[in-house]
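Contents: one structure, followed by commentary.
The values are calculated or read from the model by the stated rules, or taken from the named source; none is laboratory data. Predicted model only: the values in this text are computed from it and were never measured. When we count neighbours, we look across all protein chains shown, and the Cβ atoms used for this are built from the backbone with ideal geometry, even at glycine.
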Amino acid sequence: MKITLHDGDFWTFRVVSENGEDRLIQSDWDFPSAAIAFGWIPCTCRRTDGTIDCEHRKTSEMIWEAFEYLESQIGKTVEATE
């Protein structure tokens with residue numbers, strides 16, 4: 001099933017699936033998993049999902065990077081992995 005990233009209000013995003021399901025991404029902790037769904041990689045070590053520190057990066061850094069990545073992906077459609 002395909003999903004598309006949409007811009008939301010007030011620092012949020014919406015992930016809309018081709019069957020019409022609409023998921024609001026509004027919590028800082030949601031940004032990394034949503035960004036991963038659209039191709040972002042939290043760390044090259046691949047030992048974190050972006051919500052816990054790894055030996056290379058802090059969680060706060062990854063969450064902000066995930067948010068910025070999502071901003072750059074507005075309108076992108078990908079195949080859902082779940």
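The number of residues in segment 7-30 being in contact (Cβ under 8 Å) with a residue 24 or more places away in the chain, within 18 Å of Val78 (Cβ to Cβ) and either under 11 Å from the mean Cα position of the chain (by Cα) or buried (at least 20 other Cβ atoms within 10 Å of the Cβ) (or both) comes to 2. Scanning segment 1-34 for residues that are among the hydroxyl-bearing types (Ser, Thr, Tyr) and either at pLDDT below 95 or farther than 15 Å from Ala80 by Cα (or both) gives Thr12, Ser27.
Look at Pro42 and say whether it is of a type outside the set (Val, Ile, Thr), assigned to a loop (DSSP other than H, G, I, E, B), in contact with a Ser or Thr (Cβ under 8 Å, 6 or more places away or on another chain) and at pLDDT 95 or above. Answer is yes for this residue. For segment 31-63, a tally of residues being at positive phi and touching a residue at least 24 places away in the same chain (Cβ under 8 Å) returns 1.
Residues in segment 53-73 that are surrounded by 13 or more Cβ atoms within 10 Å (Cβ to Cβ), part of a loop (DSSP other than H, G, I, E, B) and over 11 Å from the mean Cα position of the chain (by Cα): 4 in all.
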